[in-house]
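Have a look at the structure below before the remarks.
We did not get these values from a lab; they are worked out from the coordinates using the rules stated. In this text, all values refer to a predicted model and were calculated from it rather than measured experimentally.
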Amino acid sequence: MKYLEASIATASKEDLMVKIFDAIVLFTRKAIEKMKVEPNDIQGRHNLLRTAQRACGAAVDAIDFELGGELAVSNAALYQFWYRELVQANMEGDVARAEGVLPQMEMIRNAWAEAVRRYKIEFASAEPRKDVAVV
């Protein structure tokens, strides 16, 4: 647990977003598997879906609406839609609801990871300005 705490405490905002999406995808996948393999394990399903729901909430909370404008509003609506679908999947025991949003979750997670990777490459290769002292 200390490794996880340390990795979160030292992660950049961008890396934290990828970790949030990792959690959304991971716990949604685990919940789908639980619902298929152990359909009567209601508490197990609930725990996994609640964790994925909390991660969706964290994704919404991390959005900078001032900076992000319309894109931020659109992303928030998508993450809130996922949240509602996971709530319904949990309440109804409906694996199809969770399966229906998983491909979107994976696509957005992969897009975030790629954007962060590219950002880091660009940022790392940026030449320091010669007119600014580096301390």
Show which aspartates and glutamates lie in cross-link reach of Lys120 when reach means a straight Cα distance below 12 angstrom and same-chain residues fewer than eight apart are skipped.
-> Glu14, Asp15
Using θ = phi - 60° and the Karplus form 6.51 cos²θ - 1.76 cosθ + 1.60, what ³J(HN,Hα) does each residue of region 38-52 get, whole Hz, x for Gly and Pro?
-> 10, x, 8, 7, 5, 5, x, 4, 4, 4, 5, 5, 5, 5, 5
Cα centroid separation - region 53-80 against region 82-127, whole Å = 12 Å
Karplus-derived 3J(HN,Hα) from phi for region 62-72 (6.51 cos²θ - 1.76 cosθ + 1.60, θ = phi - 60°), whole Hz, x at Gly and Pro, runs 7, 6, 9, 5, 5, 6, x, x, 5, 4, 4
